[in-house]
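A.B. asks: Quick one: the structure is below, and I'll ask about it shortly.
The values are calculated or read from the model by the stated rules, or taken from the named source; none is laboratory data. Since the structure is predicted, the reported quantities are computational estimates derived from the model, not experimental observations. Cβ coordinates were reconstructed from backbone atoms using ideal geometry, including for glycine residues, and neighbour counts include every protein chain displayed.
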Amino acid sequence: MDRIPRIKSATAIGPTQLFVVFEDASERVYDCAPLLDRPQFDLLRNPVFFRAVRVDPGGYGISWNDTIDLSEYELWTNGTAVGTESRPPAQSGRE
């Protein structure tokens, strides 16, 4: 693959995990737990805040506020690829 695909949607699926769908229809689960050891990511410990994740314009990353964000590269590279059999149940919520 020549480039990392952009993000189509991101949904919190647990206290620290994100289900991310990319523009090429690939899906990955990204675990934010290792980030929680860093002070700049402390707010992600709040379940309501964590679920408020949004895809940035253009799909080049996700963010929670102006200071907490992750790039499509980080999510693609360190996320775990999943197939449709591992897809979480349909959820209502924000993408």
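A.B. asks: Residue 46 - would you say it is closer than 17 Å to residue 9 by Cα and not acidic (Asp, Glu)?
C.D. replies: The answer is no for residue 46.
A.B. asks: I'm checking my understanding of the structure. Among residues of the range 32-63 that are in a strand (DSSP E or B) and in contact (Cβ under 8 Å) with a residue 40 or more places away in the chain, which one is surrounded by the fewest Cβ atoms within 10 Å (Cβ to Cβ)?
C.D. replies: For the range 32-63, the residue satisfying everything is 54.
A.B. asks: Moving on. Return only the number of the condition from (1) over 14 Å from residue 10 (Cβ atoms); (2) assigned to a helix (DSSP H, G or I); (3) at pLDDT 95 or above that residue 85 does not satisfy.
C.D. replies: Only one criterion is unmet by residue 85, namely (3).
A.B. asks: Give the number of residues within the range 7-49 that are among the hydrophobic types (A, V, I, L, M, F, W, C) and farther than 12 Å from residue 70 by Cβ.
C.D. replies: Residues flagged as among the hydrophobic types (A, V, I, L, M, F, W, C) and farther than 12 Å from residue 70 by Cβ within the range 7-49 amount to 12.
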